[in-house]
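The values are calculated or read from the model by the stated rules, or taken from the named source; none is laboratory data. All of these numbers come straight from a predicted model, not from anything done at the bench. When we count neighbours, we look across all protein chains shown, and the Cβ atoms used for this are built from the backbone with ideal geometry, even at glycine. The area values use the complete protein model at the heavy-atom level, side chains included, leaving out ligands, DNA and RNA. Shrake-Rupley method; radii C 1.70, N 1.55, O 1.52, S 1.80 Å.
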Amino acid sequence: MSHPQDLSLREQAAAIASGALNPAELLDATFARIEERDGALNSVVVRFPDEAREMLAEAPRGPLYGVPVLVKDMFRLPWYAPHDGAPGVAAPPGESAVYRRLRDAGAVIAGITQCHYWGAGSTGHVSAWGPCGNPWNPAHCAGGSSGGSASAVGARLAAAAVGTDGGGSVRLPSAYCGVTGLKVTFGAIDGEGYTHGFSDMGAIGPICRDAADARLFGEVLTGQALTRGDGGPLRVGVIRDPWWTDLDPEIERACDDALDAAGWQRVELSLAAAEHQQAAALVCLTVQSLPMISAEELAEADPILRALTKFELTLTPAIVHQAARVRSLLRRAVADAFTRCDVLAWPTVPAPAPPIENPTVELPSGRAPADPGNLRQTGLGNLTGIPGISVPVGLHSSGLPMALQLQAAWGDDGRLFDAAEHLEQATGREFVDAAPEPAAAQSSRS
């Protein structure tokens, strides 16, 4: 048998169920792998050796019996108070709905993953825990705000991790780290005990190596079977402006090639109010999160984040109203688009993961901070509540992953897994099965 940490989620679960793998040994191997490989990544910021062993001793024989998983720093656990990547405590310890789903499935929570400060960024380079490195190059960003979950899965520290997505925070780090991440339809996973459960922009989602693992983990988190179908004969909506513009040429080509490989019928579309979705997403995220930030927390924040937050406090009611109007227009436009296509497709990120020391990206329009372009690519899903999945489709000449995003109509999460699995097979699983060298080996060569 391969090293247990190199097995997929479903392989680990099947091996334990058949008796071929001892769950206590798998848990020990998980902590050993984290100790061995996470130093340069800083993805798993809190470990639970005692609590995990207690969970294992009491675990029911569910679909993930004995399988270690990781949880983002945004969920209450009976023994852990989440921080949202900030110095203070965001919520007291307790039982979140996600904890109960994992516990009842027999899973074992091995630790807490890194989170961008307040969950308010797409790079993961700012956090009370320190920056989070990319498994393909630890000097580059893992993404945010679920960067720790994506980095840990990409580095084979665990086969699955829970992420959250308020403006792309599952899909963006999944793209940066070369893993598969799904933002579920809004409300499909119970948000009780999730620190941003107040937001109608946020959703919880699975981050795994491939679509089959993400489907299994997603079914555990939603508590229901996700419909299965044929991902081959699909109509794919392609909206050029704004989502296929101002992209790194290699990413544009890789995503275009992936659509060709899938053999899907392309449908060229336009979307009313699309030019305003980026600004509307920023306004909606801002007005929903500002009431949660105390004056004391603001005083302790990173200087740039503090300045940005103070600027956001100047937003007028008229701007908020306009953003809400754009959101309504987009929902209607998206509903119309899905009468003409089955999924929407465009690159998850406009450029590969930027360096931690300088989180800017090079685009045809020039060098720019990573956040605006990232939000442009993912904000529509949060404004409308539709599900979206990020699928690895290549490696950039920089050695960093590239990814395609697929989005479907409300409640059609299962179709995204069908499409992602079809795409994986069409590309010979070259990119979902690719694994980075351990960070220590990369450092020794540099």
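Using Cα-Cα distances under 8 Å and only pairs 6 or more residues apart, what relative contact order does the chain have, in percent? Don't jump to the answer; show the numbers that get you there.
On the way: 1075 pairs, mean separation 80.2, N = 446.
Answer for the chain is 18 percent.
Under a model in which nothing but the beta-carbon of Lys, Arg (+1) and Asp, Glu (-1) is charged, the chain shows a dipole of about 620 debye around its Cα centre. Protein heavy-atom accessible surface, 1.4 Å probe, per residue over segment 224-276: 51 Å². Rounded, prolate or oblate: which fits segment 179-298 when a ≥ b ≥ c are the square roots of the eigenvalues of the alpha-carbon gyration tensor, with rounded for a/c under 1.5 and prolate only if a/b beats b/c? It comes out oblate by the Cα gyration axes. For Tyr80, the amide hydrogen comes within under 5 Å of the amide hydrogens of Gly94, counting only partners 5 or more places away or on other chains and with H modelled in the peptide plane.
On full extension, the segment bounded by Arg266 and Glu312 gains 12.6 nm, given 0.36 nm per residue less the C-alpha separation. Using the Cβ of Pro401 as centre and a radius below 13 Å, the other residues enclosed give a net charge of -2, where K and R count +1 and D and E count -1. Computed from the C-beta positions of Arg325 and Trp79 and an R0 of 51 Å, the FRET efficiency is 0.70 to the nearest 0.05.
Which GluC sites (Glu not before Pro) does segment 306-367 hold that lie in a coil by DSSP with at most 15 other beta carbons within 10 Å?
Values: sites: Glu312, Glu357, Glu362; in loops: Glu357.
For GluC sites (Glu not before Pro) across segment 306-367 that sit outside H, G, I, E and B with at most 15 neighbouring Cβ atoms in 10 Å, the list reads Glu357.
Spin-label model, Ser365/Glu275: points 7 Å from Cα along the beta carbon direction are separated by 1.3 nm.
For segment 235-417, what % of the accessible area comes from carbon and sulfur atoms, probe 1.4 Å? Please list the in-between numbers first.
On the way: 4410 of 7650 Å².
Ligands and nucleic acids excluded, carbon and sulfur give 58 percent.
With a Förster radius of 45 Å applied to the C-beta separation of Arg340 and Glu250, the computed FRET efficiency comes to 0.90. Going by the alpha-carbon gyration tensor, a ≥ b ≥ c the square roots of its eigenvalues, is segment 235-417 rounded (a/c under 1.5) or, if a/c is not under 1.5, prolate (a/b greater than b/c) versus oblate? Oblate, since a/c reaches 1.5 and b/c is not below a/b.
Applied to segment 96-111, the Karplus parametrisation 6.51 cos²θ - 1.76 cosθ + 1.60 on θ = phi - 60° returns per-residue 3J(HN,Hα) values of 7, 4, 4, 4, 5, 4, 5, 4, 6, 7, x, 6, 10, 7, 8, x Hz, with x for Gly and Pro.
According to a simple spin-label model (label point 7 Å from Cα along Cα-to-Cβ), what is the distance in nm between Leu290 and Thr227? Here the modelled spin labels are 4.0 nm apart. Can you tell me what percent of all Cα-Cα pairs in segment 1-127 are more than 18 Å apart? That fraction is 54 percent. Around Pro242, what is the net charge, scoring Lys/Arg as +1 and Asp/Glu as -1 over all other residues with Cβ under 9 Å from its Cβ? After counting each charged neighbour, the total is -1.
Using a probe of 1.4 Å, the accessible surface attributed to Glu430 totals some 110 Å² when neighbouring protein chains are kept in position. Within segment 331-431, the trypsin sites (Lys or Arg not before Pro) that combine a DSSP coil assignment with at most 11 other C-beta atoms in a 10 angstrom radius are Arg340.
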